[in-house]
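Read the structure below first, then the notes.
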Amino acid sequence: MRGAARPLPYSGRLPVPASEDFQVTLWVLQEMIFRPFQGVDPRWEDEASAVALRGLLERAQEAELRTNLFCPPTAAQDVPEAIKQMVTGNEGPSLSRWVEEHGRLAHMREFVMHRSPYQRKEADPHSFAIPRLDAGRAKSALLKIQLDEYGNAEAGQSHAELFAETVRALDVRPDIDCVPAVTLRTNTVLNTFGSSRRLRGACIGHLAVFEMTSVEPMARYAATLRRLLDGDTATKAARFYDVHVAADGFHQELALDEMLTGFVEQYPNEAEEVLFGAAAIMSVEGDFSRHLMQRWEKGTSSLRSRAAALAA
Ligand SMILES: [Fe+2]
Ligand SMILES: [Fe+2]
């Protein structure tokens, strides 16, 4: 197709990307690619109007992020260091520190509920970047990271399955209706980055920050669960977090030294997209952390329905 993309078949006003209507709609449209919804005709996945609406919402959210996030012009070879600085200089709220210091079992159960939409299919959205990269250092490093995420092809060891064990140990019943827009947004932004070849750089930047900001928080969540639970239940609940402490120590180096460095060498014209993806995850995760801590400091639930929360 030459020239500008065709306008999408919608002329009304969209809700703002942070709103519940926007996030629930986009999340449902994106999630159909990963798994079916009970009672929904699977053909909706690629029905033209659903695809068009998904594209419209994804572009609106992307445009809003690009407007609000400042990514200073950076030479391609300096992007890995810039991302390192972005991560180490982040003075945003630390949810894991709050949980370690003040968290009760009810908070951990809520936290697990929030993370369920992502972690029950952990690593899948980033995997969409694999066929969008040419063979080379970045693709090899991405594959190494993803293989670990899938448990090195060993049944029962994928991070998604380990998370399911945590869910069972904490007796949480994941319920998407309890998950607020601020949480859905952490998913819809990533799903968007994974859905387009044009955004492969943003997907790589997102994954790099994801890996580079994991080890300490995961260690704190594991320690919190051991403080709150006993014996076998503590071991089972904490295993997902323990595994990440070990795996992500390796992944963060691989992500920075191989994946990011390889990507900007191979695609220098897309280096700033990597920064955009990195800034985007930091922004939406910062909003997510603030939301949880603000609610918990007030003594209220961070979920949409209080009935399903703080029930421990
Ligand atoms: Fe993982
Ligand atoms: Fe990882």
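Go through 272-280, 31-39 and give me the packing order, highest mean Cβ count within 10 Å leading.
Details: 272-280: 24.9, 31-39: 12.2.
The densest-packed peptide leads the list: 272-280, 31-39.
By how many nm would the segment from S140 to D177 grow when fully extended, if each residue of separation counts as 0.36 nm and the alpha-carbon distance is taken off? Mind showing how you got there, number by number?
On the way: separation 37, 0.36 × 37 = 13.32 nm, distance 3.78 nm.
This chain segment gains 9.5 nm when fully extended.
Give the cross-link partners of K236 among the aspartates and glutamates, using a straight C-alpha distance below 15 Å as the criterion and excluding same-chain residues fewer than 8 apart.
Correct list for K236: E161, E165, D171.
How about K298: which lysines have a C-alpha closer than 23 Å to its C-alpha, ignoring those fewer than 8 places off in the same chain?
Filter leaves no residues.
Using the Karplus curve 6.51 cos²θ - 1.76 cosθ + 1.60 with θ = phi - 60°, what ³J(HN,Hα) values do you get for each residue of segment 75-87, in whole Hz, with x for Gly and Pro?
Using θ = phi - 60°, the values come out as 5, 3, 5, 8, 5, x, 5, 4, 6, 4, 5, 4, 6 Hz.
Using θ = phi - 60° and the Karplus curve 6.51 cos²θ - 1.76 cosθ + 1.60, what whole-Hz ³J(HN,Hα) does each residue of segment 94-104 get, with Gly and Pro shown as x?
Whole-Hz 3J(HN,Hα) from phi for segment 94-104: 9, 5, 5, 5, 4, 5, 4, 7, 10, x, 10.
So how much slack lies between R168 and N269, counting 0.36 nm per residue of separation and subtracting their Cα-Cα distance, in nm? Kindly include the intermediate steps, with their values, before the conclusion.
Details: separation 101, 0.36 × 101 = 36.36 nm, distance 4.54 nm.
Stretched out fully, the R168 to N269 stretch lengthens by 31.8 nm.
Out of every Cα-Cα pair in segment 50-158, what percent are more than 17 Å apart? Kindly include the intermediate steps, with their values, before the conclusion.
On the way: 4512 of 5886 pairs.
Pairs farther apart than 17 Å: 77 percent.
Show me, for segment 144-154, the HN-Hα J-couplings you get by feeding each phi into the Karplus relation (A = 6.51, B = -1.76, C = 1.60, θ = phi - 60°), rounded to Hz, glycine and proline as x.
4, 4, 5, 4, 4, 4, 8, x, 6, 6, 9
What list of whole percents do you get for P(r) of segment 75-308, with Cα-Cα distances grouped in 10 Å bins up to the one holding the largest distance?
Answer for segment 75-308: a P(r) of 8, 33, 37, 18, 4, 0 percent.
Which of the three applies to segment 182-312, rounded, prolate or oblate, going by the alpha-carbon gyration tensor with a ≥ b ≥ c and a/c under 1.5 meaning rounded? Don't jump to the answer; show the numbers that get you there.
Working: a/c = 2.94, a/b = 1.56, b/c = 1.89.
Oblate.
Would you kindly state how much longer the chain becomes between H102 and F34 on full extension, computed as 0.36 nm times their sequence separation minus their alpha carbon distance, in nm to one decimal? Before the final figure, lay out the partial values.
Numbers: separation 68, 0.36 × 68 = 24.48 nm, distance 3.55 nm.
Once the chain is fully extended between H102 and F34, it gains 20.9 nm.
Let me have the relative contact order for segment 75-308, percent, based on Cα pairs under 8 Å that are six or more residues apart. Mind dumping the intermediate values first?
Values: 301 pairs, mean separation 79.8, N = 234.
This gives 34 percent for segment 75-308.
Please give the calculated 222 nm ellipticity per residue for the chain, where each DSSP H segment of at least 4 residues contributes -39500 (n - 2.57) and the sum is spread over every residue; nearest 500 deg cm²/dmol? Show your work: numbers first, answer last.
Working: 14 runs with 191 residues, N = 312.
The per-residue figure over the chain is -19500 deg cm²/dmol.
Run down the lysines and flag those whose C-alpha is under 28 Å from the C-alpha of K84, throwing out any fewer than 8 positions away in its chain.
Filter leaves K121, K139, K144.
Since every read-out is calculated from the coordinates, none of them should be taken as a lab result. Here the structure is a predicted model, which is why all the values come from computation and not from measurement. Positions of Cβ are generated from backbone atoms using ideal geometry, with glycine treated the same way; all protein chains shown enter the neighbour counts.
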